[in-house]
1. Among (1) of a type outside the set (Asp, Glu); (2) in a loop (DSSP other than H, G, I, E, B); (3) surrounded by 24 or more Cβ atoms within 10 Å (Cβ to Cβ); (4) touching a His at 6+ places or on another chain (Cβ under 8 Å), where does MET378 come up short?
2. Starting from residues that are part of a loop (DSSP other than H, G, I, E, B) and charged (D, E, K, R), keep the ones in region 671-685 and report whichever is most open to solvent (accessible area, probe 1.4 Å).
3. Pairs please, first residue from region 91-111 and surrounded by 11 or more Cβ atoms within 10 Å (Cβ to Cβ), second anywhere and part of a loop (DSSP other than H, G, I, E, B) and modelled with pLDDT under 50, Cβ atoms under 9 Å, 6+ apart in sequence or on different chains.
4. Would you mind finding the one in SER403, SER392 that is hydroxyl-bearing (Ser, Thr, Tyr) and either within 16 Å of ligand 3 (Cβ to nearest atom) or open to solvent by 20 Å² or more (accessible area, probe 1.4 Å) (or both)?
5. Being closer than 24 Å to ILE591 by Cα and open to solvent by 20 Å² or more (accessible area, probe 1.4 Å) is the filter; apply it to region 488-516 and report the residue that is nearest to ligand 4 (Cβ to nearest atom).
6. Pick from ASP477, ASP440: which is of a type in the set (D, E, K, R) and in a loop (DSSP other than H, G, I, E, B)?
7. Looking at region 491-503 only, could you name the residues that are more than 22 Å from ALA517 (Cβ to Cβ), of a type outside the set (D, E, K, R) and part of a strand (DSSP E or B)?
Amino acid sequence: MRKLLPLLSSNHAGGRSALTCRYRCGDACFHEVPNTSDNEYAGDIIAGALSRRSVMRTAAAATVVAAAGGAVVANNAPSAEAAATAFGGHGHGHGGTTDGARGLRFTPVAPNTADQVTVPEGYAQNVVIRWGEPILRGAPAFDADKQTARAQAGQFGYNNDFLSLLPLREHGRQVLVANHEYTDEVLMFRNYDAANPTREQVEIAWAAHGLSVVVVQEEHRSGKLTPVSRHYLNRRLTATSEFRLTGPAAGSDLLKTSVDPTGTKVLGTLNNCAGGTTPWGTILSGEENFNQYFANGSSATDKRYGLGTTATERKWERFDKRFDAAQEPNESHRFGWVVELDPYDPDSTPRKRTALGRFKHEAAQPRLTRDGRPVVYMGDDERFDYFYKFVSSKRMKKGNSRSDREHNLTLLDEGTLYVAKLTGDSPAAEIDGTGKLPNDGEFDGSGVWIPLATGDVSHVEGMTAEEVYVFTRLAGDKVGATKMDRPEDVEPSPRSGRVYVALTNNTDRGKAGKAGADEANPRNLNKHGQILELAEHWDDPASDGFAWRLFLVAGDPNDPATYFAGYPKEAVSPISCPDNVAFDPHGNLWISTDGAQLGSHDGLFGVATQGERRGELKQFLTVPKGAETCGPIIQDRRVLVAVQHPGEIDGATVDKPASVWPDGPGRIVRPSVVAVYRKDGRDIGV
Ligand code: FEO
Ligand code: CA
Ligand code: CA
Ligand code: CA
């Protein structure tokens, strides 16, 4: 019988420490929710309330058409039966063996609070790379007490989040790209004085943000990975590296500053959270809680993006006036984008793609239509914010010539940006906010992608195209997008074509003056989050409709307000606060958590999405104290995770650490990337 650990008490949304809230999101959860628009939400909307244009367009695509990849489009308001058909039926058998779906045949790790990475029996692990390890030529070995900005600029950054592994034509080697979301100064600097940071400390923090590119070497016959330092592809991008703004809003007056009158050249990238890997061999990285780095915001748009009206936590504005919105009001407009980086070209200038809109980008995961146009799915991670997609008007070239690559680096500059609006198919009265399933047995319905802008053409009344791109949240408000429970990572299944959206939590849902439960966000004071599954005919540019249903409603399976795609709850692991998602080679979805609220440390889980084991969720690992599990990559022979902010517990400092991971007592705690593989060298989970 499953035994749960006692609940940890935390006043912080998503179970994070005050320290995490302060440094990661600028205490986003303590501020008023920035979305004060009076949008309807899914449960309130009946099909007839949709705009006439949407209804007609969606009706035109009403026939359920099975695409080759299994993706389908449903009609505007499918019955439960129709939606089930759209998704290909439920098809649970629940019989068979107990060893799990292919790819998930491991003994689940029990929930625990061990200060280590705990992996299943028969599995081993190695720390691939730690904060501060030198990766560039000339960078010194890490010494926490002698750290300099110059050293940090050649070393692996802090708080690794998104990970991507790209192939390399060198035997046994791959290219690892990692995001470095934010810095946690009290855990980086001994005796850190938050009221008076030094210039050196601030510059170290600038250099510890951004991205790392580092080639890694596989060990023969195991999944172990080690960094190849000084490889010519190794690279650091920081808060001061040069980036180019491209696409329809580049050069806009809204993006010009006193040092950049062109509105196209930005120094740095900030708060890079999750991301995606493109089929043309680049990576996408989402700039998330950029607002916290800017002081003295005062405009209405600053407010919608959560900029504070006073000094910032890190006080960067004392050292560079661009971080003071009172002096440089447009500088913050140059953050909050999706960054595209070509890791194969160490001299390339990374781009911020304005066509993909500006919000708190969690991630950006692309796939190709059959005729080769990229479709990119994106979440805006804030309570009551939206999720989006971008469809390029250009086709990818499959070759690898210089001109093909140059062409492919323009794919994300032209196309249409859409926001999602969802409609439930059950009567609103059946969605009571407790998570109780409605009478049709499923939280499900239909949706429509509402176009916001195509190139220079705005589809939003009262907003120019440039305004749509720079103030995308306002565009979403105006068209009545559906307010979601923190849309995080989004991942299309390479097998079924369905798209999975992790909704982490929203403890404000249902509070006075805030939107209440709806069918897609069915729990008030939602602590544990849910995962939405979406089926659409994404190949067809004329189709803007989709069918959706909740795949998982997370929590303790003993809690009646949970749902595991209908799978028997006694056979699943407890899960809370889904965040990053990724697919394994077998079509199983892997989910990492951030701020789990069930008494266990955060972890990584695998779940079957198809077949008779659909919904069977198993925990693969847990991370050390205070850490969040990030960046999962599941390859045949290894699982890679980024262990972010280990030891980030209230009151912890360098001298009073809450965690001693990864190097044991007396050594500074270091965010690191970990590879997990089988001791017998065989594939994961088979
Ligand atoms: Fe950086 Fe939404 O997590
Ligand atoms: Ca329903
Ligand atoms: Ca995240
Ligand atoms: Ca992902």
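1. MET378 satisfies every listed condition except (2).
2. The qualifying residue most open to solvent (accessible area, probe 1.4 Å) is LYS679.
3. ALA110/ARG2; ALA110/LYS3; PRO111/ARG2; PRO111/LYS3; PRO111/LEU4; PRO111/LEU5
4. On inspection, the qualifying residue turns out to be SER403.
5. Among those residues, the one meeting the criterion is GLU491.
6. Working: ASP477 fails: in a loop (DSSP other than H, G, I, E, B).
Only one candidate qualifies: ASP440.
7. Residues satisfying the conditions are PRO492, VAL499.
Quick grid of which residues meet (1) within 16 Å of ligand 4 (Cβ to nearest atom); (2) closer than 26 Å to ALA364 by Cβ; (3) free of Cβ contacts under 8 Å to residues at least 12 places away in the same chain:
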position	(1), (2), (3)
ARG199	no, no, no
ALA208	no, yes, no
THR226	no, no, no
THR278	yes, yes, no
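The values are calculated or read from the model by the stated rules, or taken from the named source; none is laboratory data. For clarity, every value in this text was computed on a predicted model and none was experimentally measured. Here the Cβ is made from the backbone with ideal geometry for all residues, glycine too, and neighbour counts use every protein chain on show. Each accessible area value is taken on the protein alone, full model and side chains, heavy atoms only, with ligands, DNA and RNA left out. Shrake-Rupley method; radii C 1.70, N 1.55, O 1.52, S 1.80 Å.
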